[in-house]
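The values are calculated or read from the model by the stated rules, or taken from the named source; none is laboratory data. Just so we're clear, the structure is a prediction, and the values are computed from it rather than from any experiment. Glycine gets a Cβ as well: all are built from the backbone with ideal geometry, and neighbour counts include every protein chain shown.
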Amino acid sequence: MEICMGAGTTSSRSIGPEQSVATVVALELAAVRNEDPMDIAPLSDSINTDALNAFFRGSDADFELTFTHEGHAITVSSTEVTVARE
């Protein structure tokens, strides 16, 4: 895992085979913000987390999805989550 805290920097975290994609997103966003995951706004304010989990767990295809949440661009691929401050 890489954590960089300045504007325009990124941080990424691998998604384990048994992990919820939404959970990994929340953990990485919290790490970038230096906050407890329970203190960030719910991801469901920005994206349907059930659909996010199903989308990436239901396919072996190599693709990415990017959305914003709390001033961060979050990119999810089949193997990792990347968070960048906007």
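Filtering segment 19-49 down to residues that are assigned to a loop (DSSP other than H, G, I, E, B) and among the charged types (D, E, K, R), which residue is nearest to V83 (Cα to Cα)?
Out of the qualifying residues, it is E35.
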Completion exercise
Taking first residues from segment 54-80 that are surrounded by 10 or more Cβ atoms within 10 Å (Cβ to Cβ) and second residues anywhere that are assigned to a strand (DSSP E or B) and of a type in the set (K, R), the pairs with Cβ under 6 Å that are 6 or more apart or on different chains are H72/R85
Handout entry: Residue satisfying condition, being at pLDDT 95 or above, among the hydrophobic types (A, V, I, L, M, F, W, C) and in contact with a Pro (Cβ under 8 Å, 6 or more places away or on another chain), within set A22, A26
Key = A26
